[in-house]
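Coordinate-derived values only; no laboratory data. Please read these numbers as outputs of a predicted model, since none were measured by experiment. Glycine also receives a Cβ, built like all others from the backbone with ideal geometry; neighbour counts cover every protein chain displayed.
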Amino acid sequence: MKRFYALLGLVAVVAAVLIWKASRPQTAALAAGDSPPVTVTAADSAFRGFTLGSDSAPVEVVEYADFQCPHCAEFAVVQFPTIRDQLINAGRVRWRFRDFPLGFAWSRLSALASQCAGEQGKFWEMSDALYQRQSDWGRNPKNPTGMFHDLARAAGVDLGKYDGCMDAQRYAGRLEASRQEGIARGVNGTPTFFVNGRLREFPRGPTSDAFLAVVDSILRTRS
Amino acid sequence: MRHRQAIALLALVGFCIALYLWMYKIGIIGRLQCGTGTCEYVQTSRYGTLFGVPVAFYGMVGYAVIFAVALAGLQPAFADRRWPTTVAAACAVGGLLFTLYLTYIELFVLHAICRWCVGSAIVITLIAVVAIGGALRRERRAVSSPVPRTGP
């Protein structure tokens, strides 16, 4: 029996060491990048993300998201259209998108594609297309560069410029700067939302109703 | 007794797997050691939580219960009782059914496989086999050697 308890103890100790090792590099890896070495320039850090809505809107929502994250796609496809109609287009909210690539196979590639489309003023069109077609490219081990190219074309992007941007990975530094900013603000998953600078948790999910309630509450307090 | 030892050991392994996935889910671990990245895909899907609670947490609770029951069954006071094995078998069958559902989701809905989930599925299957085997053996032993009758 003693041998059995010794074996249990051994399994527990080995598991504890492995889990500790798995959790330990996280901070270092996230801080260091855990990604291809990317030079972050001052211009990359100065970029504050693509926005939608009026500059004078009383509420700003900052979303940290990854185009390959299923939760982000679900939010973008199911909830965001209502938020866009009822809050953003109504001038009540300004929406700011920040990249937080999690490390899926195509997280960075899809983010780069959106940035390269954004260079031509087509960020939101490309973002919508990436999310709507996520089930086609996100689960597919095949490199989706060709599909992104098609999505960019459909979004009305000049493909010559887009290809040059993608080949040069022109906005890799922006992605890294955005990711580092997210880590510094305590983002550890996607989608994560900050409403007027404050982290907002949505225990029942980030639904359009929840956003309507939050914005109503802020505006009521102000008035 | 051997089967209860095996159940306890397997439950401890299963608990560690569930703990690892749960720590990822709540953000303590940044990236799962998975190789292909499909573990994160599965874990961050909407099937990674149930009633607002990470699925891995249910696994932790289930394995902890099985582990505790198996350890209790190893104590001299309960060594001859049948209930620890029966309870462990019932929990394992419940866990196995839940695992079958999750595996179906992985294969046919998400089209992605999380290796840690496969590991947990193997562990719960082994626990169910060992626990049911142990329960049946005890049942047979009870039938073949009934308590001797006393008196005239």
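Listing A:181, B:106 from fewest to most neighbouring C-beta atoms within 10 Å gives A:181, B:106. Backbone amide hydrogens, once placed in the peptide plane, bring residue B:50 within less than 5 Å of B:55, excluding anything fewer than 5 places away on its chain.
Averaged over peptide A:187-198, the number of partner chain Cβ atoms lying within 10 Å of each residue's Cβ comes to 1. Volume of the convex hull of the protein assembly as shown (Cα atoms only), normalised per residue: 174 Å³. Taking every DSSP bridge with both residues inside chain A, close to 60 percent are antiparallel.
Compared with the dominant Cα axis of chain A, that is its longest principal axis, helix A:172-184 is turned about 60°.
Overall, the ratio between the Cα radius of gyration of region B:56-126 and 2.2 N^0.38 Å, rounded to two decimals, is 1.29. Using a Gaussian network model of chain A whose springs link C-alpha atoms within less than 10 Å, name the residue from A:183, A:19, A:88 with the highest mean-square fluctuation. Maximum fluctuation in the GNM of chain A, among the listed residues, is at A:19.
How would region B:2-142 be classified by its alpha-carbon gyration tensor: rounded, prolate or oblate, with rounded meaning a/c under 1.5 and the a/b versus b/c comparison settling the rest? It comes out prolate by the Cα gyration axes. Taking amide H positions as modeled 1.01 Å from N, with prolines and chain starts lacking one, no residue 5 or more places away or on another chain lies under 5 Å from residue A:40. When a/c is below 1.5 the answer is rounded, else prolate if a/b is larger than b/c, else oblate, so apply that to chain A with a ≥ b ≥ c taken from the square roots of the Cα gyration tensor eigenvalues. Oblate is the answer for chain A, as a/c is 1.5 or above yet b/c matches or exceeds a/b. Against chain A, whose longest principal axis comes from its Cα atoms, helix A:208-222 is set at around 70 degrees. For the protein assembly as shown, a crude dipole built from +1 on the beta carbon of Lys and Arg and -1 on the beta carbon of Asp and Glu, taken about the Cα centre, is about 1880 debye to the nearest 20. Take every pair of alpha-carbon atoms less than 8 Å apart whose residues are at least six positions apart; their mean separation over the length of chain A yields a relative contact order of 29 percent.
Per-residue mean of foreign Cβ neighbours for A:4-12 is 4 (Cβ atoms of other chains, 10 Å radius). Close Lys pairs in the protein assembly as shown (alpha-carbon distance under 28 Å; sequence gap of 8 or more, or different chains): 5. Ranked by the mean number of other Cβ atoms within 10 Å per residue, highest first, peptides B:78-91, A:95-108 order as A:95-108, B:78-91. Give me the percent of DSSP beta bridges within the protein assembly as shown that run antiparallel, rounded to the nearest 5. So the antiparallel bridges in the protein assembly as shown amount to around 65 percent.
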